[in-house]
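Asks: The structure that follows is given in the form of structure tokens.
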Number of protein chains: 4
Amino acid sequence: MQPAPTRAGLAVLPTRMRALVKTAPAPGFEIVEVAVPSPGRGEVLVRVAAGGICGTDLHIFRWDAWARSRVRPPRTIGHEFCGTVAAVGEGVVEVAVGDRVAGESHVVCGWCPRCRHGQAHICDRLEIIGVDRDGAFAEYVVMPARNAWRLDPAIRTEIGAIMDPLGNAVHTALATDITTRTVAITGCGPIGLMAIPVSRAAGAGLVIATDVRPGRLALARGLGADVVIDASAEPAAERIQELTGGGADVVLEMSGHPAGIRDALRAVRSGGWVGLLGLPSAPVELDLADQVIFKAVRLEGIFGRRLWQTWEQMTTLLRRGLDVAPVITHRLPLERFEEAFALLEAGGAGKVILTIEP
Amino acid sequence: MQPAPTRAGLAVLPTRMRALVKTAPAPGFEIVEVAVPSPGRGEVLVRVAAGGICGTDLHIFRWDAWARSRVRPPRTIGHEFCGTVAAVGEGVVEVAVGDRVAGESHVVCGWCPRCRHGQAHICDRLEIIGVDRDGAFAEYVVMPARNAWRLDPAIRTEIGAIMDPLGNAVHTALATDITTRTVAITGCGPIGLMAIPVSRAAGAGLVIATDVRPGRLALARGLGADVVIDASAEPAAERIQELTGGGADVVLEMSGHPAGIRDALRAVRSGGWVGLLGLPSAPVELDLADQVIFKAVRLEGIFGRRLWQTWEQMTTLLRRGLDVAPVITHRLPLERFEEAFALLEAGGAGKVILTIEP
Amino acid sequence: MQPAPTRAGLAVLPTRMRALVKTAPAPGFEIVEVAVPSPGRGEVLVRVAAGGICGTDLHIFRWDAWARSRVRPPRTIGHEFCGTVAAVGEGVVEVAVGDRVAGESHVVCGWCPRCRHGQAHICDRLEIIGVDRDGAFAEYVVMPARNAWRLDPAIRTEIGAIMDPLGNAVHTALATDITTRTVAITGCGPIGLMAIPVSRAAGAGLVIATDVRPGRLALARGLGADVVIDASAEPAAERIQELTGGGADVVLEMSGHPAGIRDALRAVRSGGWVGLLGLPSAPVELDLADQVIFKAVRLEGIFGRRLWQTWEQMTTLLRRGLDVAPVITHRLPLERFEEAFALLEAGGAGKVILTIEP
Amino acid sequence: MQPAPTRAGLAVLPTRMRALVKTAPAPGFEIVEVAVPSPGRGEVLVRVAAGGICGTDLHIFRWDAWARSRVRPPRTIGHEFCGTVAAVGEGVVEVAVGDRVAGESHVVCGWCPRCRHGQAHICDRLEIIGVDRDGAFAEYVVMPARNAWRLDPAIRTEIGAIMDPLGNAVHTALATDITTRTVAITGCGPIGLMAIPVSRAAGAGLVIATDVRPGRLALARGLGADVVIDASAEPAAERIQELTGGGADVVLEMSGHPAGIRDALRAVRSGGWVGLLGLPSAPVELDLADQVIFKAVRLEGIFGRRLWQTWEQMTTLLRRGLDVAPVITHRLPLERFEEAFALLEAGGAGKVILTIEP
């Protein structure tokens, strides 16, 4: 399947490729050989270099209730990735063959009310790559040209592969103005971890991170948190109140756990702001009177990334020296995907990268 | 206790007065004779003309858990009121003897972090008139001069008596820009009802109101709601979704009921805004993933009124013709307070006014 | 050139049509017969019913310096219009044949930095219909499907023909929150006039309009201005200061005249906001220190209309009863264009409509 | 005049002191002996340690048109300063004797419309220390307690002495969100220079500084500007356009020169923001059509500092390591004031500090 070099420096595209596929409505994935897709009008074909595994992929792997309700096998998965444009469809002006690109996983319609209002990230007809259409844990992937963000030369391929989740972190941290503000981050998964150096780069006055796993707290400290709190060992909200003299100006809720969400509300000061990114798996009981209404707190649900402001912000932050590499703790070839998912199941890993070799 | 006119046109102040007092830590109130208070530095003495009964007064009347934890008898109650400045303390420049004034119930410190940031309505050292200090269901009340808002001549005394709760309605409705937006109001107590003509005056594109009591829905229609929904008879959120083509741009949650709050979240569109004013008496279970995070909804806890922007906004709205008089359904002299509280207990009343005659 | 009805209720399209064309680099226009254009991919062909004459058209008519630098004859002019979709190109999903539509004159690229940021109205590759590409003072016009805004049935054709300039008025008036605010409008051309009822609909606390022509001031009064000021007879800024107790909260500068712009700055209060829409023909000398910096005033240049929020706002306002019809003072068939332009030259007209009959 | 220590550790206050005074309506100042003032209700007496000379002081020194119209001799001048609270008047709760404090020069009324709206920095009854009331180039100065901002122990006295102008820089740079944005600063006087590290600390994507004096450009580079442009040697606006790919997102106008202001407008991108702080001495001719309206640019007049958010922001920035010390180029005792003003007249100095020794 090695493409042969051509005179023009471009490759002759192969017709078959390896892909990581949910082949049947059951747990697990398989590597299978499938046809290389063709880009339609406004689409591009990207030769994938590396991908990041997301919690969403783990849900599909396990084939839990959410996955069963949403994903229709056979489906190639993977939506965090980086690669090179291998071919372009008709009418593509945004990128060209040979461009290094990172993938935006949200495919949007461009004309629903939300798209018309500059809020395409919550498009009414949203499709997610690797969930609702074939994804990027494969040698090639097809997507709209606009979803292939041209990478600045300063950005390494491996970082390009995690710009989709970095975009979640940047969108959350920069959804309110945090310069000089105290910021608490509840939950140090990869997105929470990346929010730490992003907050530092934006001039936060103090960055506090909480989690319940010592390994993640160590990563948090390494990524620049001023204070880390083990929420299993001490009352996190009370500690944040003390450290900030009455509550954090801004809380970024990245855990999705009921305890983390309640800590977020108790940790924020009167008049403060809470960004909710972590997805709880069930309804959560909240003390709205004391923690939201009397305190005049603002909560904001955060989904995806701003199209395309967040991509520009990420590019600038990375060019300016933002270092999120420590969040990547493992790199494995696509073929060792079982091992990669086992690492995530075990809960000790940061971001796990799959490399897709020709 | 009738003050005698004096040469300067001012009254000789009496030394004793009638007041509605929580005399003991038990349900009920009593009318007792107490000393007329003296205004200290920066304070004014107001001759009260009329007061509005608030849900908070009912909590104190019933002596429920919240009241027991907060109020220390003996305490004169009442915090919605209107009257005339009868005397001023040293250093008062804001109002003068003879000015008609309405009361702002929140007494603020002026120098805590929130006060310093222009958010005095959530002052760290907040005291509420009629709760934490003696109130206005009495012939006279003392308060800081700034809490006595000079009434525009166009505003009738009875409307002046309910500017404190009208301020809640205005603060909530104008906390986000609602011009041309679809607005749903969940809960038609007096504040929810007043939010209807306020939303109309601000140019809302559609105003929908929900409640479970037919009497309140009739008032809502009379106050200008385009559509009223009986949430006990039809699924309110689904109806709002239909009427607005996918969800209201803005929801004003005025019920404080778990069902109302959940309707509010289900009724708001993706990217919409929910103002939370109604106070739930216990924690509320919310589907944050589907109703807040995936929808990128913003929630904002609303407390009190902006000091002093809301007062200026109210003045302008009332001068421009805002009519909230229909929300006043009963007027009784102070002496018939038992009857007034019974009306509120029965749940059929709108706003009940107590008149305080000399 | 009357199209014949067909079985499907649609018309067989003619191949030739009348159009108002700048035929040569010199003053004036001519009605000539030209080919009916064909809609390309993503485009629509609109059968024009009526058009509004804009100041821009007058510049092209006169062939002034700006027109000479921008317009390349032969060019069909006209960019304010309303009609019916007669044919659609490939890939069009936004509208269908038979839809009544109003035209957005700004054709945008969709992928420059401004378009990517939800600010398409200042697209880097902006083309204006009737200026940079053939326009709508013709029987038919071709444009991107998105520029053909489907008209709500409640909106009359003649109002549809002036939604482009109404959009300027709405964009300016709603660019800041004006509910309960005092608003002064300097300059009562058609856009300034339409801003009056828009400001009223949004709940402005007071609406003051200034101009130097008695006819326009009469129109302003008829459209709902609380106060009109003849700036040729009295000092407008001082009068506005008096009426507002220290300056208007918001000033909408619609004149483009140096005197009007200076009045706008002197009339706005400290901390207030000025929207600049009127286009001065030369640099203007401003007292920035006293009128902008010491007063901490915000100025905002306003161009075009927000794509597509302004169109939704207009639709809602018109459905809610916004009446801008009085601004239309003359209606003439296309053939009488010389008369129409003479009316505008004379300065006494409001909006002049050209009707395009089959 | 050395105060004698007392048992309580406090000093016995002297009755006479040295002060730098505009003694007569003519150019120059004199050091004279005057009475030590007494703090009234709500006021404090501060023992001054050091002061910074501002351009305003130079205007008063020269006795130019502005100074003649505003200042009434005899007047002690100086409004940038740092010291220790020596005595407090009745009712002071904000600071205590012995506290190190920096001075906010704007004395505000607290109850005008602007003060009531959280915009006290543009108070209608503003008085400036050292201009409208006696100032701080003296051994002692009296001012409202709130104008004495308690210094964080991490802040050196000399930096405390320039927090008033640092506050101008912080207020301007943080008046819009600059994180990841390109920022151009036109004019590298002390405030422009301090805006450079402030912009860097807030995560600006690129910081460009312009001036016409090589010494200031060297300081700008030392303070962290990514690019410096000598506007006397190259076309500054064009260079900024090139470096930013179409214009800076944000321009901070710090020069007050017509050329600098015009460069600011030409350098900002479409949809960008310009903060105007530098005070032009005469009206300035601006191309509003091309540079503001067609570009939909926002301009904001910046005056003073936000009370009191800017002081908190400064404190956080300085604690986080913001280094503005390089802007201080000279330190002289009060007695050598003639020399200090000569340095400023010569134009080569950064900030000049006067030390006030007991």
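Asks: Quick one: how many residues across segment C:253-286 are open to solvent by 20 Å² or more (accessible area, probe 1.4 Å), under 22 Å from the mean Cα position of the chain (by Cα) and within 9 Å of chain D (Cβ to nearest Cβ)?
Replies: Total meeting the criteria: 4.
Asks: Moving on to the next point. Just for segment B:176-208: of the residues that are farther than 30 Å from residue C:172 by Cβ and aliphatic (A, V, I, L, M), which one is farthest from the other protein chains (Cβ to nearest Cβ)?
Replies: B:193
Asks: Which residue out of C:97, C:93 is in contact with a strand residue (DSSP E or B) (Cβ under 6 Å, 6 or more places away or on another chain), outside any strand (DSSP E or B) and open to solvent by 50 Å² or more (accessible area, probe 1.4 Å)?
Replies: C:97
Asks: For segment D:305-316, what are the residues that are more than 8 Å from every other protein chain (Cβ to nearest Cβ), under 23 Å from residue C:270 (Cβ atoms) and surrounded by 24 or more Cβ atoms within 10 Å (Cβ to Cβ)?
Replies: Those that are more than 8 Å from every other protein chain (Cβ to nearest Cβ), under 23 Å from residue C:270 (Cβ atoms) and surrounded by 24 or more Cβ atoms within 10 Å (Cβ to Cβ): D:305, D:310.
Asks: Step by step: first the residues of segment D:287-304, then only those that are more than 7 Å from chain C (Cβ to nearest Cβ) and open to solvent by 10 Å² or more (accessible area, probe 1.4 Å), then the one that is nearest to residue C:66 (Cα to Cα). Which residue is that?
Replies: D:290
Asks: Also, quick follow-up: For segment D:127-139, check the following and say yes or no: at least one residue is surrounded by 17 or more Cβ atoms within 10 Å (Cβ to Cβ) and within 14 Å of chain B (Cβ to nearest Cβ).
Replies: No - not one qualifying residue is present in segment D:127-139.
Asks: What are the residues in segment A:202-215 that are surrounded by 24 or more Cβ atoms within 10 Å (Cβ to Cβ) and either touching a residue at least 40 places away in the same chain (Cβ under 8 Å) or among the aliphatic types (A, V, I, L, M) (or both), if any?
Replies: A:202, A:204, A:207, A:208, A:209, A:210, A:211
Asks: Check residue C:244 against each of (1) under 23 Å from the mean Cα position of the chain (by Cα); (2) of a type in the set (S, T, N, Q); (3) under 19 Å from residue C:298 (Cα atoms) and name the one condition it does not meet.
Replies: (1)
Asks: Which number in (1) assigned by TED's automatic domain parsing to the domain that holds residue A:265; (2) free of Cβ contacts under 8 Å to residues at least 24 places away in the same chain; (3) open to solvent by less than 10 Å² (accessible area, probe 1.4 Å) marks the one condition that residue A:112 misses?
Replies: So the condition that residue A:112 fails would be (1).
Asks: Looking at (1) surrounded by 16 or more Cβ atoms within 10 Å (Cβ to Cβ); (2) of a type outside the set (Gly, Ala, Ser); (3) more than 14 Å from chain A (Cβ to nearest Cβ); (4) in contact with a His (Cβ under 8 Å, 6 or more places away or on another chain), which one does residue C:53 not meet, given that it meets all the others?
Replies: Single failed check for residue C:53: (4).
Asks: What are the residues in segment B:93-108 that are over 23 Å from residue B:54 (Cβ atoms) and touching a residue at least 12 places away in the same chain (Cβ under 8 Å), if any?
Replies: B:93, B:94, B:95, B:97, B:98, B:99
Asks: Go through the residues of segment D:54-65 one by one and say whether even a single one is in a helix (DSSP H, G or I), at negative phi, in contact (Cβ under 8 Å) with a residue 12 or more places away in the chain and over 20 Å from the mean Cα position of the chain (by Cα).
Replies: no
Asks: Then there's this: Would you check which residues across segment C:317-354 are more than 28 Å from residue C:202 (Cα to Cα), part of a loop (DSSP other than H, G, I, E, B) and open to solvent by 50 Å² or more (accessible area, probe 1.4 Å) and list them?
Replies: Selection gives C:348 alone.
Asks: From (1) away from chain B (no Cβ under 14 Å); (2) crowded, with 21+ Cβ neighbours inside 10 Å; (3) farther than 17 Å from residue A:196 by Cα, pick out the condition that doesn't hold for residue A:235.
Replies: Against the list (1) away from chain B (no Cβ under 14 Å); (2) crowded, with 21+ Cβ neighbours inside 10 Å; (3) farther than 17 Å from residue A:196 by Cα, residue A:235 comes up short only on (2).
The values are calculated or read from the model by the stated rules, or taken from the named source; none is laboratory data. Computed from a predicted model, the values in this text were never measured in an experiment. Don't worry about glycine lacking a Cβ; one is built from the backbone with ideal geometry, like all the others, and counts go over all protein chains shown. Surface accessibility is based on the protein's heavy atoms, side chains included, excluding ligands, DNA and RNA. Shrake-Rupley method; radii C 1.70, N 1.55, O 1.52, S 1.80 Å.
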